[in-house]
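Please treat every number below as a calculation from the coordinates, not as lab data. All of these numbers come straight from a predicted model, not from anything done at the bench. Every residue, glycine among them, receives a Cβ derived from its backbone with ideal geometry; neighbour counts consider all protein chains shown.
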Amino acid sequence: MKVKIDKLGRVVLPKPLRQRYSLRPGTELEVTERAGEVLLRPATQKPTMVQIGGWWVHRGVAEPGIDWFRVIEQAREDRDVWNMGIHP
């Protein structure tokens, strides 16, 4: 798909694309710049880590520079706190 930027810098996303991703007027988009490209995605993104059958599984694209060891460590700490009964 190709779109054009108008003189005010606006881009109109084609209707099939808006429908597929449930993009409605007022939807906030996050703009990410990567090497040679610009990425638009809804600001309310689903988590990239989900728990399936007791295992943490990565889905989607992680933010650049994410510290996966810290993410895993935090998940373990949260689990330990929950198991000790110190949860809200």
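Helix 68-83 and the long axis of the chain differ in direction by around 50°, with both axes built from C-alpha atoms.
Report, in deg cm²/dmol and to the nearest 500, the calculated mean residue ellipticity at 222 nm for the chain, where each DSSP H run with n ≥ 4 adds -39500 (n - 2.57) and the sum is divided by the residue count. Result for the chain: -7500 deg cm²/dmol, rounded to the nearest 500.
Between amide H atoms placed 1.01 Å from N, distances below 5 Å from Thr27 occur with no residue 5 or more places distant or on a separate chain. Along its first, second and third principal axes, ordered by size, the range 1-44 spans 27, 24, 20 Å in Cα coordinates. Ordering Gly53, Ile5, Gly36 by Cα displacement along the dipole of the chain toward the positive end leaves Ile5 in first place; charges were set at the Cβ atoms of Lys, Arg (+1) and Asp, Glu (-1). Looking at the range 2-88, the trypsin sites (Lys or Arg not before Pro) that sit in a DSSP loop and have at most 16 other Cβ atoms within 10 Å of their own Cβ are Lys2, Lys4, Lys7, Arg10, Arg59. Dividing the mean sequence gap of close Cα pairs (under 8 Å, 6+ apart) by how many residues the chain holds gives a relative contact order of 11 percent.
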